[in-house]
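Following: one structure in structure tokens, then a few remarks.
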Amino acid sequence: MNDPRTRFLTLLHAAVADGTLVKLTLGKHRGADVTLQNVFVRPVVLKAGPHLAFVWRHATRDVTKNHAPAEALALLEPLIGADFLDAHLFTTSSSAQLECQPDGTARLRVKASAPAAPAAAHDRAKVRPIPADAAWLRALGVTNDRGQPREGMADKFRQIQKFAELLGHLLADAPLPTDRPLTVVDMGCGKGYLTFAVSALLGDRATVQGVEARPELVELCNRVAREQGFAPRLSFTAGAISATPLPAADVLIALHACDTATDDALAQGIAAHAALLVVAPCCQKELRPQLRAPDVLSDALRHGIFQERQAEFVTDALRAQLLEWAGYRTKVFEFIATEHTAKNLMVAGIRALPAGDAASAARLRAFAAFYGIRTQRLAQHLGVALVEG
């Protein structure tokens, strides 16, 4: 039988047998374990001989296991095309992508690639999604000529690496097009550290646009993009988030857009039918004057720090519920450890659900009523009344 899945499995068996396997990635999980997201496989050499190292990536943890080649292949075969609808195989001479549909149809794409040695050593070397010696990191003042973070930039360097790692996982889980380059927009991109990271991570697979209100930063970023060979697939535009038209986008990013600017960015992404929304909110001030917590909390909320943290929680929890109402499967998690930045919460929305669900609308209205919230910027953008009548 010469169907796409069978041909893919034949390529996989051959790569394992002749030692040309570089890595295998399984995505778009549809199995029984709802916490499982991806499986990553690479060759390693142990004292017992060649093995395949599996990383089972769950929502909140990773599980790593090593299997002998025959055992590994027996484990992988029933997963490919069933529990996982997408599979990417990389060898030293080619790459193959298998895309399966729930109805059983499948498509296989194979292309040659530049020769590369398989990563067979079972070492503890740190593999970063963004190379530390990347020239654009030096050009933006993050690292020095030796690829080391400059003074005061160590936290920014860690943030760039962590963001690139997280984005890679989110992209693998999102229903993104595969027949054309992606369109990615980074709203409120600042000096463009993370915008460059996105473009470096995706390469020719995407056109990336940064939007920033400060013209001097836009000029700087466009110059670095030209000098480092990123243009024209990476460009920067001057403008405010709320005033910048966004006719189409596959991925919308807004990291540390202050207060309701995060809501403006989310609304832009939803209106553009983006498959993936990624925001890291900050300065959640809009709801604080409205909050009317139950009497039992009044003594605790006399303290300003508790009021501030409650406002942050309520704002972002309501945003997550509004995204779910708008048809997005929502994840909320820590972006980076608090010792590196206090602005460490990330909210991601993956388009996957029917929009306008009445039950989700009722739940978010009950949540708003509990805290006395009558209006909120994202709700206004979406036309969602938080108070009935």
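The values are calculated or read from the model by the stated rules, or taken from the named source; none is laboratory data. What you see is a predicted model; the values in this text were computed from it and never measured. For neighbour counting, all protein chains shown are included, and Cβ atoms are generated from backbone atoms with ideal geometry for every residue, glycine included.
Tabulated data for the structure shown
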item: Criterion: assigned by TED's automatic domain parsing to the domain that holds Gln101, touching a His at 6+ places or on another chain (Cβ under 8 Å) and touching a residue at least 24 places away in the same chain (Cβ under 8 Å) - qualifying residue of Thr20, Thr35; result: Thr35
item: Checking Phe54 against (1) at pLDDT below 90; (2) within 23 Å of the chain's Cα centre (by Cα); (3) more than 30 Å from Glu151 (Cα to Cα), the condition it does not meet; result: (1)
item: Close pairs (8 angstrom Cβ cut-off, 6 or more residues apart or separate chains): more than 25 Å from Leu266 (Cβ to Cβ) and outside the structural domain of Arg374 (by TED's automatic domain parsing) in the stretch 281-296, small (Gly, Ala, Ser) and in a loop (DSSP other than H, G, I, E, B) anywhere; result: none
item: Failed item, numbered, when Ala32 is tested on (1) closer than 18 Å to Leu170 by Cα; (2) at pLDDT below 90; result: (1)
item: Matching entry among Leu76, Leu108, Leu98 (being in contact with a Leu (Cβ under 9 Å, 6 or more places away or on another chain), within 14 Å of Leu12 (Cα to Cα) and at pLDDT 95 or above); result: Leu76
item: Count of residues meeting criterion [closer than 17 Å to Phe84 by Cα and not hydroxyl-bearing (Ser, Thr, Tyr)] in the stretch 4-25; result: 8
item: Verdict on Arg30 being touching a residue at least 60 places away in the same chain (Cβ under 8 Å), surrounded by fewer than 18 Cβ atoms within 10 Å (Cβ to Cβ), under 21 Å from the mean Cα position of the chain (by Cα) and not assigned by TED's automatic domain parsing to the domain that holds Asp179; result: yes
item: Any chance Val55 is under 22 Å from Ala174 (Cα atoms) and touching a strand residue (DSSP E or B) at 6+ places or on another chain (Cβ under 6 Å); result: yes
item: Residue ranges of strands (runs of 3 or more DSSP E) in the stretch 230-294 with at least 2 members touching a Phe, Trp or Tyr at 6+ places or on another chain (Cβ under 7 Å); result: 276-282
item: Where Ala267 falls short, out of the listed (1) surrounded by fewer than 21 Cβ atoms within 10 Å (Cβ to Cβ); (2) more than 22 Å from Gly168 (Cβ to Cβ); result: (1)
item: Index of the failed condition, Ala96 passing every other in (1) closer than 16 Å to Leu36 by Cβ; (2) in contact with a His (Cβ under 9 Å, 6 or more places away or on another chain); result: (1)
item: Qualifying residue in the stretch 107-115 (condition: touching a helix residue (DSSP H, G or I) at 6+ places or on another chain (Cβ under 8 Å), outside the structural domain of Leu276 (by TED's automatic domain parsing), within 30 Å of Ala352 (Cβ to Cβ) and among the basic types (Lys, Arg)); result: yes
item: The one condition in (1) over 21 Å from Lys331 (Cα atoms); (2) loosely packed, with under 14 Cβ neighbours inside 10 Å; (3) in contact with a strand residue (DSSP E or B) (Cβ under 6 Å, 6 or more places away or on another chain) that Asn66 fails to fulfil; result: (2)
item: Unique match (being buried (at least 18 other Cβ atoms within 10 Å of the Cβ), in the same structural domain as Leu277 (by TED's automatic domain parsing) and either over 18 Å from the mean Cα position of the chain (by Cα) or not in a helix (DSSP H, G or I) (or both)) among Leu353, Leu318, Leu323; result: Leu318
item: Meets criteria (closer than 22 Å to Ala352 by Cβ, crowded, with 20+ Cβ neighbours inside 10 Å and touching a Leu at 6+ places or on another chain (Cβ under 9 Å)) for Leu194; result: no
item: Residue tally, condition surrounded by 13 or more Cβ atoms within 10 Å (Cβ to Cβ) and closer than 25 Å to Ala254 by Cβ, over the stretch 282-306; result: 9
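Per-residue answers, yes or no, for (1) surrounded by 13 or more Cβ atoms within 10 Å (Cβ to Cβ); (2) over 21 Å from the mean Cα position of the chain (by Cα); (3) farther than 30 Å from Leu378 by Cα:
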position	(1), (2), (3)
Glu212	yes, no, no
Arg226	yes, yes, yes
Pro232	no, yes, yes
Thr237	yes, yes, no
Ala254	yes, no, no
